[in-house]
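Enquirer: What follows is a structure written as structure tokens; I'll ask about it next.
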Amino acid sequence: MAIDWLALQRTARREFDTRLAQVTDWSAPTPDTEWDVATLVRHVVDEQRWVMPLVSGRTLEEAEASLEPLGDDLAAEWAR
């Protein structure tokens, strides 16, 4: 059974968009007791930022050097 990875990514993006738009308490707990919502969102946003530089052929070091620090507006960072 073949998996349509692009469709899966689009679905994941759409679902994360929907959930992110509903966040009202960035300090709310998550199932991981060491993370709050802001920490979880920051992690997801940060991990997605690595995709483009890595699939375009950059090394980990080059990719890391190309990424700007995340700002405090995590919803805006996700949209970017």
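A short reminder: the numbers here are calculations on the coordinates, not readings from a lab. These numbers come from a predicted model, not from an experiment. As a convention, Cβ positions derive from the backbone with ideal geometry for all residues, glycine included, and neighbour counts pool all protein chains shown.
Enquirer: Stretch Gln48-Arg14 to full length: gain in nm at 0.36 nm per residue minus the Cα-Cα span?
Expert: 10.9 nm
Enquirer: Starting at the first residue of the stretch 63-71, write each ³J(HN,Hα) from the Karplus equation 6.51 cos²θ - 1.76 cosθ + 1.60 with θ = phi - 60°, in whole Hz, x for Gly and Pro.
Expert: 4, 4, 5, 7, 8, 7, x, 6, x
Enquirer: Could you quote the convex hull projected area for the chain, Cα atoms only and averaged over all directions, in nm²?
Expert: 7.0
Enquirer: Here's a follow-up. Modelling each spin label as a point 7 Å along the Cα-to-Cβ direction, I'd like the Glu61/Trp26 distance in nm, to one decimal.
Expert: Modelled inter-label distance: 3.4 nm.
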